[in-house]
1. Give Ile230, Ile236, Ile220 a once-over and let me know the one that is open to solvent by less than 30 Å² (accessible area, probe 1.4 Å) and not in a loop (DSSP other than H, G, I, E, B).
2. If you take the residues in the stretch 272-291 that are crowded, with 18+ Cβ neighbours inside 10 Å and either at pLDDT 85 or above or of a type in the set (Gly, Ala, Ser) (or both), which one is nearest to Ala207 (Cα to Cα)?
3. Do you know which residues across the stretch 202-217 are in a helix (DSSP H, G or I) and surrounded by 16 or more Cβ atoms within 10 Å (Cβ to Cβ)?
4. Mind telling me which of the residues Ala67, Ala19, Ala6, Ala28 ends up being at pLDDT below 90 and in contact with a His (Cβ under 6 Å, 6 or more places away or on another chain)?
5. Tell me which residues, restricted to the stretch 21-41, are open to solvent by less than 50 Å² (accessible area, probe 1.4 Å) and under 20 Å from the mean Cα position of the chain (by Cα).
6. Among the residues of the stretch 242-259 satisfying the criterion of being of a type in the set (A, V, I, L, M, F, W, C) and in contact (Cβ under 8 Å) with a residue 40 or more places away in the chain, which is surrounded by the most Cβ atoms within 10 Å (Cβ to Cβ)?
7. Quick check: anything in the stretch 110-127 in contact (Cβ under 8 Å) with a residue 60 or more places away in the chain, touching a Pro at 6+ places or on another chain (Cβ under 9 Å), open to solvent by less than 40 Å² (accessible area, probe 1.4 Å) and polar (S, T, N, Q)?
8. Having 1 or more residues that are within 30 Å of Gly295 (Cα to Cα), modelled with pLDDT of 75 or more and open to solvent by 50 Å² or more (accessible area, probe 1.4 Å) is the bar; report the helices (runs of 4 or more DSSP H) wholly within the stretch 340-428 that clear it.
Amino acid sequence: MTSRPASEPEPRPSQTPVARRPLRGMTARGRDEEHRAASPLELFFDLCFVVAIAQAGVQLVHSVAEAHTAEGILNYAMVFFAIWWAWMNFTWFASAYDNDDALYRVVTLIQIAGVLVLAAGVSRASEDHDFLVVWLGYVIMRLALSAQWLRAARNAEGAERRMALRYGGGVLLCMVGWMGLLLLPESARPWWFLVMAIAEMCVPLYAEKETNTSWHPHHIAERYGLFTIIVLGETIAAATVAVKSGVDENDALGELLPIASGGLLIIFAAWWIYFVVPIHGHLTSSRRAFLWGYGHYLIFASAAAIGAGLEVAVEQAVGKAHISTLAASAAVTLPTALFLLTVWALHARHFKVGTVQQLVLPATALAVIACTFLGNWAVLAAGIVSTLSVAAGVTLTARMAAREDVAGAGEDSGAGTGSGPSAGASVA
């Protein structure tokens with residue numbers, strides 16, 4: 001056996017050029033791996049998924065604008081679950097097993113093709129309740145994911161192998177169950193969807209009952225953050241197109257300016273509030289991570305729905321939507337409030353100190369809901385309230401930091417004079 005020179009580092013699989021090794025063993029990556037960041041393939045994956053989200057948003061706009069709100073929300077929730085769940089499953093798998101070889105890339109591209117097929121069927125699912133194309137797209141994505149898990153199982157042993165096999169088998173079994181959306185009567189489909197959604201979310205809990213995947217906290221937090229940015233970007237794009245169409249077709253700049261300004265303020269505030277804390281430090285256990293990851297269904301869905309709501313508000317303002325101003329305002333304010341509450345529950349509350357800081361976002365959500373009743377100024381008022389919430393949070397954090405600095409200076413001074421306790425108490 002030849003020895004390696006001391007100056008030559010031991011090669012890692014991730015450093016091996018793909019051209020030399022097109023196929024690699026799919027082994028678990030380290031949870032403490034340094035400098036772990038999203039790959040170009042993952043970013044491409046996210047961008048393609050937003051195509052499906054955009055289609056779901058378009059159908060939600062049509063339903064709400066035509067006063068079919070309940071049906072539209074139900075269809076949106078069902079389609080968005082399929083999109084979000086497929087995205088989330090890939091994201092967590094990639095965090096643990098991404099080896100970036102040729103086969104991994106090809107299978108991931110197949111998953112992307114699946115979501116594009118799904119996106120092509122969103123309109124038929126929403127308008128005609130025909131889920132065939134959506135189901136076919138989901139089949140493509142899930143078969144590809146199951147193949148990835150089975151490949152991981154091939155290189156694993158013991159509890160890790162059983163976990164990978166449970167994932168692969170669970171994904172396939174649920175895929176068969178989703179056929180109920182094609183075979184059952186239309187009235188039974190929402191209930192069957194609920195059953196299958198619960199079954200899907202139970203697969204990770206069952207698969208990881210013995211051992212957990214080696215997902216990377218910083219990588220997962222970055223992946224979710226990037227997807228949030230992309231969804232908010234899609235929201236801005238959809239709202240911008242709606243405002244442009246309204247101005248070009250109806251010369252209604254005066255009516256649309258408050259909606260455009262308020263919508264922009266809401267989206268800016270949403271970005272600020274989501275990224276104000278480094279959440280990866282909170283993901284210290286699988287239990288926390290599961291709750292955090294599952295909760296993002298509401299964050300992503302509400303963020304995308306804000307854009308749909310802004311489109312509805314624009315259509316109502318120019319007379320194209322058959323709903324009241326109150327209903328159009330609610331299409332913006334309710335998803336905004338849901339976004340604020342969910343981000344607070346999953347992110348902000350873990351970093352807030354004191355009752356006042358904890359109440360900022362819940363109080364903002366209530367104030368945004370109250371803005372619904374302000375007629376044509378509802379969206380602008382909601383944007384101003386959201387912006388004031390950001391300002392309040394920044395101010396409270398700055399004041400707390402200043403008090404800590406003063407207290408620290410007092411303790412340092414006390415340590416030098418022998419009067420530390422009394423000086424610290426005085427500052428406090």
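1. Working: Ile230 fails: open to solvent by less than 30 Å² (accessible area, probe 1.4 Å); Ile236 fails: open to solvent by less than 30 Å² (accessible area, probe 1.4 Å).
Answer to the check: Ile220.
2. Out of the qualifying residues, it is Ala289.
3. If we filter the stretch 202-217 for residues that are in a helix (DSSP H, G or I), which is where we start, we get 202-207, 217.
Passing the criteria: Val203, Pro204, Ala207, Pro217.
4. Ala67
5. Matches in the stretch 21-41: Arg36, Ala38, Ser39, Leu41.
6. Residues of the stretch 242-259 that are of a type in the set (A, V, I, L, M, F, W, C), as a first pass: 242-243, 247, 252-253, 256-257, 259.
After this cut, where a residue has to be in contact (Cβ under 8 Å) with a residue 40 or more places away in the chain as well, the list is 242-243, 252, 256, 259.
On the way: Ala242: 26, Val243: 24, Ala252: 17, Leu256: 21, Ile259: 30.
Selected residue: Ile259.
7. no
8. On the way: elements: 355-371, 378-417, 420-427.
Per the criteria, 355-371, 378-417.
The values are calculated or read from the model by the stated rules, or taken from the named source; none is laboratory data. Please read all numbers here as calculations on a predicted model, not as lab measurements. We place every Cβ from the backbone using ideal geometry, glycine too, and count neighbours over all the protein chains shown. SASA here: full protein model, heavy atoms, side chains in, ligands and nucleic acids out. Shrake-Rupley method; radii C 1.70, N 1.55, O 1.52, S 1.80 Å.
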